[in-house]
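Below: the structure, in structure tokens.
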Amino acid sequence: MLEQLKKEVLKANLGLVKNGLVLFTWGNVSAIDKGTGYVVIKPSGVDYDKMTAEDMVVVDLNGKVIEGKFRPSSDTPTHIELYKAHPEIGGIVHTHSTYATAFAQAGMSIPAYGTTHADYFYGDIPCARSLDKNEMDEYEKNTGVVINETFNGKDVTAIPACLVANHGVFAWGKSADEAVYHATVVEEVAKMAYITQTLNPATKKLPQHIADKHYNRKHGKNAYYGQEKK
């Protein structure tokens, strides 16, 4: 079942290792099949260097395992909440990459200081609140709930990532591969932001007219970055 999507999700998970975003088993990638509504996700706690496409787990949007010999990632309920709330999302990544997670642990958004950030994120990458005691029984589900709460009124395609206070990073895209791409950019702009703040704590954010130009030349109606698709 969903054999091609399993291969794509495996490749994306291995991309986390390739791009230096995870240590040990500290992360996961999923993708959703729009036809069936089933989600393919990394198995929980399985080493990246031992995983195969057959090890990927298929679940429905209630979290029920449809196919797979392993338990799905413990973060599966978070992924499901995001998929249910945002049909634009086709793939999701969770990491504890160093610099972005440092911002999350500090409870801080990643400020849009420069054009590298603006090329991919139309504004600051927000930090969702920490969960309350009464939200612990469904901790992973409620992590998705607070991300959705943070994105109330925001465009998940214009800002394809969110930090969760005291926790880490969630990023997404049209596919698992694009979600990994965005997670990689999150870590790089977090590193840049940290160094920027260290060099000059009084640094101001990127002027809005420059942010508009850089975001829209890649993603706007009249985007012109790159080559025309044939």
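The values are calculated or read from the model by the stated rules, or taken from the named source; none is laboratory data. Predicted model only: the values in this text are computed from it and were never measured. Cβ atoms come from the backbone with ideal geometry, glycine included; neighbour counts cover every protein chain shown. What goes into the accessible areas is simple: the full protein's heavy atoms, side chains included, and nothing from ligands, DNA or RNA. Shrake-Rupley method; radii C 1.70, N 1.55, O 1.52, S 1.80 Å.
Looking only at ASP212, ASP75, ASP177, which one moves most when the chain is put into a Gaussian network model with springs between Cα atoms under 10 Å?
With Cα springs under 10 Å in the chain, the top fluctuation among ASP212, ASP75, ASP177 is at ASP212.
Using a simple spin-label model with points 7 Å from Cα along the Cα→Cβ vector, what separation in nm is obtained for ARG217 and TRP26?
Between ARG217 and TRP26, the simple spin-label model gives 3.6 nm.
Pick out which of SER175, SER109, SER74 has the largest mean-square fluctuation in a Gaussian network model of the chain, springs linking Cα atoms closer than 10 Å.
The residue with the greatest mean-square fluctuation here is SER74.
In whole percent, what relative contact order does the chain give with Cα contacts below 8 Å and a gap of six or more residues?
21
Please list, short to long, the whole-number percent of alpha-carbon pairs of the chain in consecutive 10 angstrom bins beginning at zero.
Calculated P(r), rounded to whole percents: 8, 33, 36, 19, 4, 0.
Roll a 1.4 angstrom probe over the protein heavy atoms and tell me the percent of accessible area of the range 50-195 that is carbon or sulfur.
On the range 50-195, the fraction of accessible area on carbon and sulfur atoms equals 49 percent.
Projecting each Cα onto the charge dipole of the range 1-141 (Lys/Arg +1, Asp/Glu -1 at the beta carbon, about the Cα centre), which of GLY35, HIS94, VAL57 comes out farthest on the positive side?
It is VAL57, whose Cα lies furthest towards the positive end.
Using a simple charge model, +1 on the beta-carbon of Lys and Arg, -1 on the beta-carbon of Asp and Glu, nothing else, what dipole does the range 87-202 show about its Cα centre, in debye to the nearest 20?
240
List the lysines whose Cα lies under 29 Å from the Cα of LYS191, skipping any in the same chain that are fewer than 8 positions away.
By straight Cα distance, LYS191 reaches LYS11, LYS18, LYS42, LYS141, LYS154, LYS174, LYS204, LYS205, LYS213, LYS218.
Taking every DSSP beta bridge with both residues inside the range 72-230, roughly what % is antiparallel (nearest 5)?
Just about 85 percent of them are antiparallel.
Could you grab the relative contact order for the range 1-83? Cα pairs under 8 Å, six or more apart, rounded to a whole percent.
Relative contact order for the range 1-83 comes out at 26 percent.
In nm, give the distance between the simple-model label positions of LYS84 and ASP47, each being 7 Å from the Cα along the Cα-to-Cβ direction.
3.6
Which net charge results for the neighbourhood of LEU2, defined as the other residues with beta-carbon distances under 11 angstrom from its beta-carbon, given Lys and Arg at +1 and Asp and Glu at -1?
Spelling it out: positives minus negatives among the neighbours equals -2.
According to a simple spin-label model (label point 7 Å from Cα along Cα-to-Cβ), what is the distance in nm between THR203 and GLU54?
So the two model labels end up 4.9 nm from each other.
From the phi angles alone, apply the Karplus equation (6.51, -1.76, 1.60; θ = phi - 60°) to the range 45-51 and give each ³J(HN,Hα) in whole Hz, x where the residue is Gly or Pro.
x, 8, 4, 4, 6, 10, 6
Find how many whole Å separate the alpha carbon centroid of the range 136-163 from the alpha carbon centroid of the range 49-101.
The range 49-101 and the range 136-163 have Cα centres spaced 15 Å from each other.
With charges set only on the Cβ (+1 for Lys and Arg, -1 for Asp and Glu), what does the dipole of the range 26-91 come to about its Cα centre, in debye to the nearest 20?
With Lys and Arg at +1 and Asp and Glu at -1, about 140 debye.
Which of the GluC sites (Glu not before Pro) found in the range 93-200 are in a DSSP loop and have at most 14 neighbouring Cβ atoms, other than their own, within 10 Å?
GLU138
Can you pull out the chymotrypsin sites (Phe, Trp or Tyr not before Pro) in the range 148-230 whose DSSP state is coil and whose Cβ has at most 16 other Cβ atoms within 10 Å?
TYR224, TYR225
Show the residues, 5+ positions off or on another chain, whose built amide H is closer than 5 Å to the amide H of GLY173.
Long-range HN contacts for GLY173: GLY90, GLY91, ALA179.
Taking the chain as a Gaussian network, Cα atoms linked when under 10 Å apart, which of ASN134, ASN142, ASN19 shows the biggest mean-square fluctuation?
Of the options given, ASN134 has the highest mean-square fluctuation.
Considering only VAL156, GLN227, ASN13, whose Cα is most displaced toward the positive end of the charge dipole of the chain, charges sitting on Cβ of Lys, Arg (+1) and Asp, Glu (-1)?
My answer, from the dipole projection, is GLN227.
Charges only on Cβ, +1 for Lys and Arg, -1 for Asp and Glu: so what's the dipole of the chain about the Cα centre, in debye to the nearest 20?
Approximately 640 debye in magnitude.
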